[in-house]
Every structure is written in C-alpha cells, then in structure tokens.
1. Within the stretch 60-105, count every residue that is surrounded by fewer than 21 Cβ atoms within 10 Å (Cβ to Cβ) and either in contact (Cβ under 8 Å) with a residue 60 or more places away in the chain or on the phi > 0 side of the Ramachandran plot (or both).
2. Please determine whether any residue of the stretch 146-158 is buried (at least 21 other Cβ atoms within 10 Å of the Cβ), within 17 Å of Asp236 (Cβ to Cβ) and within 19 Å of the chain's Cα centre (by Cα).
3. Within the stretch 106-122, how many residues turn out to be touching a residue at least 24 places away in the same chain (Cβ under 8 Å) and either away from the ligand (no atom under 16 Å from the Cβ) or under 12 Å from the mean Cα position of the chain (by Cα) (or both)?
4. Of the residues Val215, Val221, which is assigned to a loop (DSSP other than H, G, I, E, B) and in contact with a strand residue (DSSP E or B) (Cβ under 7 Å, 6 or more places away or on another chain)?
5. If I go through the stretch 179-212 residue by residue, how many of them are of a type in the set (Asp, Glu), closer than 15 Å to Gln163 by Cβ and away from the ligand (no atom under 15 Å from the Cβ)?
6. Does the stretch 164-177 hold any residues that are within 28 Å of Gly74 (Cβ to Cβ) and either in contact with a helix residue (DSSP H, G or I) (Cβ under 7 Å, 6 or more places away or on another chain) or assigned to a helix (DSSP H, G or I) (or both), and which are they?
7. Tell me, please, whether a residue that is among the polar types (S, T, N, Q), closer than 30 Å to Val166 by Cα and within 15 Å of the chain's Cα centre (by Cα) can be found in the stretch 83-105.
8. Looking only at residues in the stretch 37-58 that are away from the ligand (no atom under 15 Å from the Cβ), over 20 Å from Asp223 (Cα atoms) and touching a residue at least 24 places away in the same chain (Cβ under 8 Å), which one is surrounded by the fewest Cβ atoms within 10 Å (Cβ to Cβ)?
Amino acid sequence: MGKQRGLVIAGNWKENMTVEQAGQWLDEFNRLLSDSPLAEVNLRIVLCPSTTALYVVNEHIKRLSPLKDMAEKGLFAIGSQKISPSGQHNRTGEIGPDLLLNVGVQYVIIGHSEQREFMGETDQLIAERMQIACSHGLIPILCVGETADEYDAGETEKVLTRQLEVLRKCTDDQRKTIIIAYEPVWAIGTGRTPTPEDANKTIRFIKDKSSIPVVIYGGSVNDENAADFFSQPDIDGGLPGGASLNPNTFYRIVESASHLL
Ligand code: 13P
C-alpha cells in the first residue's frame, strides 16, 4: 500500500531562527527521531534555513545521530532559500551554487511567491536560477501558485501554465529530479487552504503540464491537516512554513507522512 515513490517534506524557515535557535531545533528534532522508526522510511526531509544558519546547520547535523546517518542516506538534507542566477560570482548579494554546495546544501527553493510578489522576481530570473541549480547538481524546489484574485477569477490553470514555462529549458533528466511545490498564494500564512481534493486536482494538472513527477503542496500545512493532503493520490508531500519552526510540530507532520508509506 501507500506511496511507493516516497514523499518529500520540506520545512521553509523563511527569515526565522538565529544560529542558537537552529541548533536547539536540530537537537530537539534529532531527539524525536531517535525514538522513532522514521529514520528507515522512504521519506525525504529537507530543512531550508535562512542563509545565515546554513553553515551551522550543516556542521551541527554531523554531530547528531540519527540525523547524520539519515543525511548520509539522503533522507535528511539542507535546502537554501536562494541561489544566484549567475554562475560567474559577480552578483552582489546573491549566493552562487559552489558556495551552497560548500556548506552541504542539496536543495534550493526557487520562485517562491514572496520573492515574486515583494522582491520583483521575474519568470526570466526564475528560469536562470533553475538552470544554475540544475547544472550544479542542486535540486530545485520550484514554487508556483495563483493569487487570491487569480483564484477568484478562475485563472489558476492559466497562471500555472505561464509559471511552468520556466521549465522549458530543463532536460528530461533534470525533470526527473526537480520538485514542484504548489503553493496558492492565498493559502500562505493565512490558515486558509484549498480542500485536499482541490489541491490534488491542481497538482494533477501541474504534473500533466510539466512532466515533473514529484509535486508537493504548501500553504498553511500543519500537523492537523498534513495527513489529509499527503493521503491524496497525487500529492507527494508538503512545504510547511510557520509549522516547521517548532520541531515537535514539524516532527508530527513528518510522522503523518510516514504512516502513508
Ligand atoms: P505557511 O506554511 O506558513 O503558510 O508558509 C508556506 C510557505 O510559504 C512555504 O514555502
């Protein structure tokens, strides 16, 4: 039974967690994992700290068991919230792929709606970041999703079709590793969510349009609704933001996914 292909649960810490808090979070999450069979299941856990905590998170994991063993098996990994669109080390304020690889980063969030909406992120830049990530062996978590106005106007599929064009230069091999996160903007940080059935329908549409096999759901995911989303046939995991800041809550989200495997 269950999802043979496995599930992905990625925590997006956004602008939160000092170095000290990140260490405490990892200690507690590791303690929870030590008492559970989770370390053995086909579930990828990805933690996306702020840039200032990437180095310390990577170093800290090396001192923890079972987290270190899970990291070695690819079951626990670090993601960055940004990546330079240039491979030339020449964009002040950006972080190149080699610097990310240097601190153990394996995944990178690209095209998050907060970057699109508040930082002027364009599809062109998103496409360039996708290429840089893929060509350096980093796994993109490409975020797509419609705003409340677009949702109300029935334009979800039109918007997603446009956003998915950033994939047009991605090879078939790259498409096998890329992860898409469907995050309706109106569900982010609001406590409002689509029904799991509606999220599943939209994710089915994304899979058909993009040929990307792994598509996860984000937007007010918490430990109470996670299982309802993850048990849908096409939803391959989740991208919680606020709920990932508490290691106990994040653990319960991961645990609810493990029950489906
Ligand atoms: P919330 O889970 O806080 O709604 O955030 C979702 C998100 O933006 C993840 O990328």
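Values in this text are rule-based calculations from the coordinates and carry no lab data. In this text the structure is predicted, and so the values were computed from the model without any measurement. Here the Cβ is made from the backbone with ideal geometry for all residues, glycine too, and neighbour counts use every protein chain on show.
1. Of the residues in the stretch 60-105, 4 are surrounded by fewer than 21 Cβ atoms within 10 Å (Cβ to Cβ) and either in contact (Cβ under 8 Å) with a residue 60 or more places away in the chain or on the phi > 0 side of the Ramachandran plot (or both).
2. Checking the stretch 146-158: not a single residue is buried (at least 21 other Cβ atoms within 10 Å of the Cβ), within 17 Å of Asp236 (Cβ to Cβ) and within 19 Å of the chain's Cα centre (by Cα).
3. So the count comes out to 7.
4. Result of the check over Val215, Val221: Val221.
5. 1
6. Scanning the stretch 164-177 gives Leu164, Val166, Leu167, Lys169, Cys170, Asp172, Asp173, Gln174, Arg175, Lys176, Thr177.
7. no
8. Thr52
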